[in-house]
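Engineer: This structure is in structure tokens; I'll ask about it shortly.
The values are calculated or read from the model by the stated rules, or taken from the named source; none is laboratory data. Quick caveat: nothing in here was measured; it's all calculated off a predicted structure. Reconstructed Cβ throughout: ideal geometry from the backbone, glycine too, with neighbour counts over all protein chains shown.
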Amino acid sequence: MSEVLERHHSAAASPAHVAAPISSEAAAEALRHGPRGAFFLASVAVLILLAGWLAFYFLLFLPRGSIG
Amino acid sequence: MARTEKRWLLLMVGLLTLFMAIVVASTMTSALHPPSNVETIDPVTLHLGGEFAESNLGTAQEPDGSLTARIVADQYAFVPYCVKLAVDTPVKFRLTSVDVVHGFLLPATNVNTMVVPGYVAEVRTRFTRPGVYSMPCNEFCGNGHHGMWARVIVVPKPEFPALAPTERSSCVQQ
């Protein structure tokens, strides 16, 4: 049993596989202007949603004719 | 609440308002709204007389030039099997069922309603393109449901007045 455990290594066991530790100053600097990366990603997702909705509504739904 | 969260919330409220404004504006300007006719009829006696008697089914031209197509749905057919209509003309479909719930759908258009026994379904529309529109029952109605379909043929406007009344409710070549 102990031999099996000795042969098993987590990826995190090797320092080369783990992100370098970041200092609190560097983290504060990265977030000084807010979570810009998260906003960028969310904005792209929302823009795709908006474009898809508008395309379906104006290019597919409305040309299929009015109903009442 | 953080400032960034407030901004994102405002953006989302703005987007929802935009969606709603587009829907409301197009509904008001294009008379676009779900069919909501509530009108009852006795499914047991509708074939004996009145609006859905056999002689009254099919396409009729109203005094104002608009067209009304009256169709009865039953297991497993639409009667009549085919109706002819004119393009660029206000059209009113009036349907009812004699047995179970059926569905009325014209692909490539927004025409889509349930046909419920005891009620008259009414859908108003206007076809912008001539052609043959298949008309499948889209509400499972029994073992023969898959074979229940009919046709709507939309002809160019000048051709419609030349059609005899029997031709307007038949796809048989005269």
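Engineer: Could you please tell me which pairs satisfy a Cβ distance under 7 Å, a separation of 6+ or placement on different chains, a first residue in the range A:47-65 that is free of Cβ contacts under 8 Å to residues at least 12 places away in the same chain and on the phi < 0 side of the Ramachandran plot, and a second residue that is surrounded by 12 or more Cβ atoms within 10 Å (Cβ to Cβ) and part of a helix (DSSP H, G or I)?
Structural biologist: What qualifies is A:Leu50/B:Leu15; A:Trp53/B:Phe19; A:Tyr57/B:Ile22; A:Leu62/B:Ser26.
Engineer: Return the residues of the range A:42-66 that are part of a helix (DSSP H, G or I), facing chain B (nearest Cβ under 9 Å) and not charged (D, E, K, R); say none if nothing qualifies.
Structural biologist: A:Ala42, A:Ser43, A:Val46, A:Leu49, A:Leu50, A:Trp53, A:Leu54, A:Tyr57, A:Phe58, A:Phe61, A:Leu62, A:Pro63, listed by residue number.
Engineer: Still on this structure: Hey, could you check the range B:1-31 for residues that are on the phi < 0 side of the Ramachandran plot and either in the same structural domain as B:Arg124 (by TED's automatic domain parsing) or of a type in the set (Gly, Ala, Ser) (or both) and say which is surrounded by the most Cβ atoms within 10 Å (Cβ to Cβ)?
Structural biologist: Checked the range B:1-31; the qualifying residue surrounded by the most Cβ atoms within 10 Å (Cβ to Cβ) is B:Ser26.
Engineer: Of the residues that sit in the range B:16-36 and are within 7 Å of chain A (Cβ to nearest Cβ) and either part of a loop (DSSP other than H, G, I, E, B) or β-branched (Val, Ile, Thr) (or both), which one is farthest from B:Asn110 (Cα to Cα)?
Structural biologist: Selected residue: B:Ile22.
Engineer: Which residues, counting only those in the range B:1-51, are more than 21 Å from B:Val91 (Cβ to Cβ) and in contact with a Ser or Thr (Cβ under 7 Å, 6 or more places away or on another chain)?
Structural biologist: B:Pro43, B:Leu46
Engineer: Against the condition in contact with a Leu (Cβ under 7 Å, 6 or more places away or on another chain), closer than 29 Å to A:Phe56 by Cα and not in a strand (DSSP E or B), how does B:Asn110 come out, does it pass?
Structural biologist: no
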